[in-house]
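The values are calculated or read from the model by the stated rules, or taken from the named source; none is laboratory data. No experiment lies behind these values; they were computed from the predicted model shown. A quick note on method: Cβ atoms are made from the backbone with ideal geometry, for glycine too, and the neighbour counts reach across all protein chains shown.
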Amino acid sequence: MNRALKGLFAVIIMIAACSLAYGSVFDFSRLQKSIVEKTLPNGLKIIVLPRHEVPVVSMVTWADVGGSDDPKGYTGMAHMFEHMAFKGTDEIGTTDPAKEVLLMAKEDAIFEQLRLERLKGDKGDKRKLERLEKDFEKAIADAYALIVPNAFSNKLENEGAEGLNAFTSKDQTAYMVSLPSNKFELWMALESERFLRPRLREMYREREVVAEERRMTVENRPMSRLLEEFLSTAFKAHPYGIPLIGHSSDIQNYSRSAAKDFFDKYYGPNNLTLAIVGDVKPEKVFELAEKYWARIPSKYKPERVATVEPTQICERTVIMPDKAQPIILMGWHIPDETHKDMPALSALSSILGSGRTSRLYRRMVRDDKAAVSVSAFSGWPGSKYPCLSVVFCYPAQGKSASECDKIILEEIEKIKNASVTPEELERVKTGTMTGLIAGLKNNMGLAQNLAQYNQIWGDWRALFGELDRINAVTCDDIQRVAKKYFVKTGRTLAVLETAQESEK
Amino acid sequence: MMKFNHKTFFIALISLLLSGNLVYGLDLSSIEFPALNKIELPNIKKIQLDNGMRIYLLEDKTLPLIEASARIHGGSYLEPADKVGLGDLMGDLMRDGGTQKWAPDELDEMLEGLGASLNSYADVISSGVNLMMLSTKKELSVELLAEVMRRPRYDEARFEQAMIAYKSGISRRNDNDASIAGREFGKMIYGSESPYARHAEYKTLGAISRNDLIDFHKKICRPDHVQLAVWGDFDTAEMLAIIKKYFGDWKKGTEKIPDFPKVDYKFDQRVGFVERADSKQSNVYLGHIGGNTLDPENSHRIVMNNILGVGFGSRLFNEVRSKHGLCYSVYGVYTSNISYPGKFFCYVGTKGESTIKAINLIKSEIERMKTEEATEKELKSAKDRYLNSFVFNFESKGQIIQRMVYYDFFGLPKDFLNKQKEEVEGTTAADVKAAAQKYLKPEAMRVIVVGNPKSFDAPLETLNNGPITKIDVTIPQ
C-alpha cells in the first residue's frame, strides 16, 4: 500500500471522529456517491469519478499483476512486459504488419538457438555463438527497418497527453496518462487495442534498455544494492524477495514467447481495472467501454501466489561493504494489508518515524544527533501478501550504523513497555486527514487510489469503509502489535558499512 | 549465411500469427474530437501594500483548504563566496528554526497537530515559504507566514542540527554517480566559483555563524521583495484584512541588492572526466550555455527541443534508446531563464562499453538539427505535443497563480503564455533549423563523463572534443 493510500485511511478515520469540525467543510459521502462503476461481461471493471472543473481527464489501467508473479527463471518479467506494452499493436508501430510477423519470427528462432547455446556456458560452441550473434544482430536490424518507433506513445503525446507512463511494483502494474477530455475516446481505443493485440516488437533491444535501467537504478546506487540484499534476506520463500527489475542473467534470457505467455496469463480483462477521474460522463465512458473493451475475450483469472513466507526463526543480518557512507535498514514481518492489525501497525510506524514530531526523529536527529534522516513504514515492499514494517536510517557523519541500530531498538522497546500517548495517535490521524483532502486535488492520484483499493480489497468502496476499522485503533492496540510483531527472531537487518578500497 | 532451426521458426511464426486477429480492425480516423470546453480563467485579485509587498488572492471553495506561497526576491547568489551554503541554511531554518512566538518544537507540534504543512527554502535567485492547511484556521495560516518571514528565531540548537545535516550531505555527495555528473557539469558550464553552480564545502560551512543567517535573512526578506500568493477556501476581503493585519506594519527595505551576476561564457570544447572504478554505468552530460526566455526564437526552441530530445517521440529517444538500446534514460533540452542564461544539455546513462558510441550518436543528432530540416511529420508532432497539452497549464489554481507571480516579478505581460502559444503555432521547419543553427553548437561542446574508463568502448580522446581534464572529486577536509 502506498503512502497516499495510508493517508486516506487516516483521513477517513478523522472524518468520522471529527464530523463536527469537518463534516460541514467537506462532504466525503457526496464524493463517494458520485463515483460509479461497471463490470463488462468479460470481467473488466471500470470506475469513474466525474469532475468537470477543468477539461482534462486522468486514466489508469491497473493490472493485478506485479513482480511477485514473475515466472521462475524470468525475474523482472512483469516489469519487462510493462515496457513491451508501449511497443504498439499489430497495426500501430509498423509500416508492414504482415512482413513484420515473418521478421519477428526469424529473430525469435535465432534467439532461441542463441539462448540454448549460451546456456551451455563454457561448453558452448564459440564459433556457433559468434555466428548466431551476428545473425541475431542482423535479424534485429531487419525487423527494426519496418518499425515506426514509439508510434503508440506518439499518438497520445501528439494529442496532448501528460504524464504518459507506467510503473510496476511487487503487487501491480499500472499504466497512466492524462489527456484533454475531448481526446478521451482516443485513449479508450488505443488502450484497449494494446491489451487486445499487443505486438511485442523490439523485444530484444528493449531488454538492453531494461538492463540499462537496472544499471542506473540498482547497480549504480548503493541504497538500491542494499535494498536488494535486504529483501532477498528477509524473504527466503515468498517472491517479495526477488528483485523487481530482475537479475541480469534473467533479463538476457527473456524471449518474446516468454513475454507473450506472461501477457496471456495475466492481462485478461478480468484481471484489469480502469479508473478514470476527470471531465467525462460515466454513461459515455460505459458506452465506449462496450465499443472498445468488450472486444477482448475473458481469460482465466490468474491465481494468487501460493507460497507463504515461513515464520522467521532467527535474526538475519547482512553487512554490505561499500565506498558509500553508512545506511541502516531493518524490517519485521507483518501481515497483508487487509489484516485487522494493519491500522495499528501503520499508526505505530508513523509515530516512530514519520515527521518532525516522530519519536525517532526527535531522539536521533534532534537530540542525539546520531542520524540525519530516519523513517518508518508498514506495508513494504508490497501489501497484497504478508510484508514488512521497516525503518530506514542515514547515520550522521562520523556516527556508526550500530549506534543508530541500538537507539532504534531502544525506542521500539519503549513503545512495547509503555505504548504511545493519545496525542501522538491523534496527530497521526489528523495529519493523514489533511493528506486525504489535499489528495483530492489530484485526478491522477485519486484514480490510482481507487484502482489500488479495488485491487487489494476487491471493492473501491473499502476506501471509505476503512473508517470503522481504523477508528478503533487505540494506544493499547499499538502496544499490542509492537509486542506481537517487533520480535528479535523476526528481524532482518541490513547495513551498508563504509569500507576503504582495499577492504572490499 | 543465416541458418536457422525450422521447427522453432515455425512455432514462433504460428504463435505470432495467432496473436494477430485481424477481424477487428481499429479505425482511429473515425474518432471525433469534440471542441474542448472553454477554460475559464480565474479572477486573481492583485493588491500592493504601502510597504511594497505584493498580494495575489484567488478564491477556490472546492476543498476546505488554504494554500499559500511567498516568493522572496534574493537567494544563494547573494551569499559571499567564502560562505557558500549560507543561502540554503537561511532558507531551511527560516521555518525549521522556529519563530519568536513559537519555539521550533512548538511549531512542529502545532503544525503536525493540525495536519498542516509549512516549509521554507532558498533557491539560487529567490527564496520562499509554502503553506497548506485546513481552511478552518484562516487567521492562523497568515500569522504563521508572518512569523516565519518576519520573526524567524534561527534557534541555536536547530542551527547546530542543520549544520550536521549539511556536513553529512557533503560526506555523502559522491555516493551517486549521476549526481556527481550533474554537479560537475554545472561547474563546467558556469564555472566552479559561479553562484549558479558552486556548492558548499566543509570550509565554507565552517565559516557560517547563526548571526550570518540572521543578517542574510534581514537583507532579503522584506516586504518590497515579497510576493505572497494565497488561494483556496476564503473570502477575498476577509483574507486581505487578515494579511494587512499581519504584514501591513512591516517596514520596507532600503538597501538595493545586487543584480543577478552575468555569465561570462566563451564557446569551446572540453572533456571533463571523473574516474569511478566501481561504476556499472557511465553518466554523461554534454552541452553548452543556454539562453534567455525573452530571446525572439524562444518559441522556436520549444519546438526544437521536442524534436531533438524531449519526450518519447524525440530523435534522441528514438535513436539512442529505441533503435540502439543503449540506455534507459536519454534526453536533450535547451533551457532558458530570464535571470541568467540557461544551459543546453543532453544526458545519457549507458554501460561503459557503449559510452563513446552513445556520445557520438547524440552529437550527430545535434548536428543533424542544424543541417537537415525537420520533416513535416516531426514538426507537426513537436508542435501538437505543445499545443494539445496547453490546457494542462491551467489544471490547478496553484499553477495559475504562481505563474502570475513569476511573470509579474520579471515584468512579463499577462498574456505571455498565449503569445508563446501563437508563436509555436506559427513555427515552421525553417524556423527550427534557423534556431538550431543559431543556438546549438555541437562543434563547441563541453562533455562530462563519470564512469570506469577500463570499460569504455574507446578512449575519450577519440571524441575529438578538445582537452581532457581529469576531475578530482575528493572531498576537501
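Is it true that residue A:441 is surrounded by fewer than 23 Cβ atoms within 10 Å (Cβ to Cβ) and touching a Ser or Thr at 6+ places or on another chain (Cβ under 8 Å)? Against the criterion (surrounded by fewer than 23 Cβ atoms within 10 Å (Cβ to Cβ) and touching a Ser or Thr at 6+ places or on another chain (Cβ under 8 Å)), residue A:441 qualifies.
The C-beta contact set for region B:316-342 (first residue facing another protein chain (nearest Cβ under 7 Å), second residue part of a loop (DSSP other than H, G, I, E, B), distance under 6 angstrom, 6+ apart or interchain) comprises B:318/A:149; B:321/B:327; B:322/A:149. Report yes if some residue within region B:173-192 is within 14 Å of chain A (Cβ to nearest Cβ) and over 29 Å from residue A:219 (Cα atoms); otherwise report no. For region B:173-192, residues within 14 Å of chain A (Cβ to nearest Cβ) and over 29 Å from residue A:219 (Cα atoms): absent.
The residues in region B:96-125 that are within 23 Å of the chain's Cα centre (by Cα) and either in contact (Cβ under 8 Å) with a residue 60 or more places away in the chain or assigned to a helix (DSSP H, G or I) (or both) can be counted, and the count is 2. Being within 14 Å of chain A (Cβ to nearest Cβ), farther than 30 Å from residue B:224 by Cα and among the charged types (D, E, K, R) is the requirement here; does residue B:301 meet it? Considered against the rule, which asks whether it is within 14 Å of chain A (Cβ to nearest Cβ), farther than 30 Å from residue B:224 by Cα and among the charged types (D, E, K, R), residue B:301 comes out as no. On inspection, residue A:414 does not qualify as within 12 Å of chain B (Cβ to nearest Cβ) and either touching a helix residue (DSSP H, G or I) at 6+ places or on another chain (Cβ under 9 Å) or on the phi > 0 side of the Ramachandran plot (or both). When residue A:183 is tested against the conditions (1) touching a residue at least 60 places away in the same chain (Cβ under 8 Å); (2) within 9 Å of chain B (Cβ to nearest Cβ), the lone failure is (1).
Residues in region A:163-176 that are in contact (Cβ under 8 Å) with a residue 40 or more places away in the chain and either at positive phi or at the interface with chain B (Cβ under 10 Å from one of its Cβ atoms) (or both): A:163 alone.
For region A:32-43, filtering for residues that are assigned to a helix (DSSP H, G or I) and over 26 Å from the mean Cα position of the chain (by Cα) leaves 1. The requirement of being farther than 23 Å from residue B:289 by Cα, part of a helix (DSSP H, G or I) and within 11 Å of chain A (Cβ to nearest Cβ) is fulfilled nowhere in region B:211-222; no residue meets it. Exactly one residue out of A:273, A:338 is in the same structural domain as residue A:40 (by TED's automatic domain parsing), polar (S, T, N, Q) and over 27 Å from residue B:172 (Cβ atoms): that is A:273. If you go through region B:28-78 and keep only what is polar (S, T, N, Q) and within 30 Å of residue B:338 (Cβ to Cβ), you end up with B:43, B:48, B:51, B:69, B:76. From A:139, A:78, grab the single residue that is part of a helix (DSSP H, G or I), touching a helix residue (DSSP H, G or I) at 6+ places or on another chain (Cβ under 9 Å), over 30 Å from residue A:382 (Cα atoms) and of a type in the set (Gly, Ala, Ser). Within the list A:139, A:78, the selection yields A:139. Scanning region B:244-258 for residues that are surrounded by fewer than 13 Cβ atoms within 10 Å (Cβ to Cβ) and of a type in the set (Ser, Thr, Tyr) gives a single hit, B:254.
Yes/no per residue for (1) away from chain B (no Cβ under 11 Å); (2) over 28 Å from residue A:263 (Cα atoms); (3) in contact with a Phe, Trp or Tyr (Cβ under 9 Å, 6 or more places away or on another chain); (4) assigned to a loop (DSSP other than H, G, I, E, B):
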position: A:280; (1), (2), (3), (4): yes, yes, yes, yes
position: A:288; (1), (2), (3), (4): no, no, yes, no
position: A:292; (1), (2), (3), (4): no, no, no, no
position: A:312; (1), (2), (3), (4): yes, yes, yes, yes
position: A:321; (1), (2), (3), (4): yes, yes, no, no
position: A:350; (1), (2), (3), (4): no, yes, yes, no
position: A:360; (1), (2), (3), (4): yes, yes, no, no
position: A:365; (1), (2), (3), (4): no, yes, no, no
position: A:383; (1), (2), (3), (4): yes, no, no, yes
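Here the condition is being surrounded by fewer than 22 Cβ atoms within 10 Å (Cβ to Cβ) and assigned to a helix (DSSP H, G or I); of A:431, A:398, A:435, it holds for A:435 alone. For the structure I just gave you, tell me whether residue B:162 is assigned to a helix (DSSP H, G or I) and crowded, with 19+ Cβ neighbours inside 10 Å. Spelling it out, residue B:162 is indeed assigned to a helix (DSSP H, G or I) and crowded, with 19+ Cβ neighbours inside 10 Å. Which members of region A:126-183 meet the condition of being of a type in the set (Asp, Glu) and closer than 20 Å to residue A:195 by Cα? The answer is A:157, A:171. Do we find that residue B:269 is surrounded by fewer than 19 Cβ atoms within 10 Å (Cβ to Cβ), over 30 Å from residue B:409 (Cα atoms) and not aliphatic (A, V, I, L, M) in this structure? So residue B:269 fits the description; yes.
Of the helices (runs of 4 or more DSSP H) contained entirely in region B:357-439, those carrying at least 1 residues that are closer than 30 Å to residue B:281 by Cβ and not basic (Lys, Arg) fall at B:376-388, B:429-439. Only one of the numbered conditions (1) over 21 Å from the mean Cα position of the chain (by Cα); (2) not in a loop (DSSP other than H, G, I, E, B) is not met by residue A:473, and that is (2). Under 30 Å from residue B:395 (Cα atoms) and either touching a Leu at 6+ places or on another chain (Cβ under 8 Å) or surrounded by 23 or more Cβ atoms within 10 Å (Cβ to Cβ) (or both): is that true of residue A:496 in this structure? Spelling it out, it is not the case that residue A:496 is under 30 Å from residue B:395 (Cα atoms) and either touching a Leu at 6+ places or on another chain (Cβ under 8 Å) or surrounded by 23 or more Cβ atoms within 10 Å (Cβ to Cβ) (or both). Considering every residue within region A:226-240, establish whether at least one is at the interface with another protein chain (Cβ under 10 Å from one of its Cβ atoms), part of a helix (DSSP H, G or I) and touching a helix residue (DSSP H, G or I) at 6+ places or on another chain (Cβ under 7 Å). Looking for residues that are at the interface with another protein chain (Cβ under 10 Å from one of its Cβ atoms), part of a helix (DSSP H, G or I) and touching a helix residue (DSSP H, G or I) at 6+ places or on another chain (Cβ under 7 Å), one finds none in region A:226-240, hence no. Of B:307, B:338, all but one fail to be under 14 Å from residue B:432 (Cα atoms), touching a Ser or Thr at 6+ places or on another chain (Cβ under 8 Å) and of a type in the set (A, V, I, L, M); the exception is B:307.
Every residue, every condition in (1) within 30 Å of residue B:66 (Cα to Cα); (2) modelled with pLDDT under 95; (3) touching an Asp or Glu at 6+ places or on another chain (Cβ under 9 Å), yes or no:
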| site | (1), (2), (3) |
| --- | --- |
| A:436 | yes, yes, no |
| A:445 | yes, yes, no |
| A:451 | yes, no, no |
| A:463 | yes, yes, no |
| A:466 | yes, yes, no |
| A:479 | no, no, no |
| A:483 | no, no, no |
| A:492 | no, no, yes |
| A:496 | no, no, yes |
